[in-house]
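Just so you know, all these numbers are worked out from the coordinates, no wet-lab data involved. Just so we're clear, the structure is a prediction, and the values are computed from it rather than from any experiment. When we count neighbours, we look across all protein chains shown, and the Cβ atoms used for this are built from the backbone with ideal geometry, even at glycine.
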Amino acid sequence: MFSKSCEYGLRAVIFIAQQTTQNNKVSLSTISEEINSPQAFTAKILQQLTRNDIVKSIKGPYGGFTIEKEKMSTKLSEVVSVLDGDSIYTGCGLGLKQCDANSPCPLHFKFVEIRDSLRNMLENTSLKSVADDMNADLTILKR
């Protein structure tokens, strides 16, 4: 459903959020390793997230990536919007160019329900809540 860059971006921002709750800044190499993502690709994604004020990049020997306290309330839908736009909420489940209620594909009406549920989950899940779940060992990012 998500593009590869969005998957990596979500993993990265969730990992950074979790580390932020423990007052840690994390390096690009650590993020890349922890989310199983190529480092150069991760750097480009983090650059986009930094430009859009979701993560903060601190330069220097004691630098790294972090999320400012007030940004921990950021919803996952904002991250998806930055990285993938809104196509996940409007696209066809089969990838057809023309698919809507007037001209539906065979999966259209079932896929609309899935898209609506996904949107609801993303719009109601904050970085802090996901980080808290990780800190409580309820969820993991790496197997």
Given LYS56/LYS142; LYS110/LYS142; LYS71/LYS97; LYS44/LYS110; LYS56/LYS97, which pairs have Cα atoms separated by over 28 Å? LYS110/LYS142; LYS71/LYS97; LYS44/LYS110; LYS56/LYS97
Express the C-alpha Rg of the range 94-140 as a ratio against the empirical globular expectation 2.2 N^0.38 Å, rounded to two decimals. 1.70
Could you tell me which of rounded, prolate or oblate describes the chain, using a ≥ b ≥ c as the square roots of the eigenvalues of the alpha-carbon gyration tensor, with rounded for a/c under 1.5 and, failing that, prolate when a/b is larger than b/c and oblate otherwise? prolate
Taking 8 Å as the Cα distance limit and 6 or more residues as the minimum spacing, I'd like the relative contact order of the chain as a percentage. 30 percent
Using a Förster distance of 22 angstrom, determine the FRET efficiency expected from the C-beta separation of LYS75 and ASN24, and round it to 0.05. 0.45
Per residue, the convex hull volume that the Cα atoms of the range 48-123 enclose (Å³): 104 Å³
Within the range 1-67, DSSP-loop trypsin sites (Lys or Arg not before Pro) with at most 14 other C-beta atoms within 10 Å are LYS59
Between the range 80-106 and the range 1-79, the Cα center-to-center distance that results, in Å: 27 Å
Contour minus Cα-Cα distance for SER117 and GLU7 (0.36 nm per residue): 37.8 nm
Got the relative contact order for the range 1-41 handy, in percent, Cα pairs under 8 Å and 6 or more residues apart? 39 percent
Of PHE109, PHE15, PHE65, the most mobile residue in a GNM of the chain (C-alpha springs, cutoff 10 Å) is PHE109
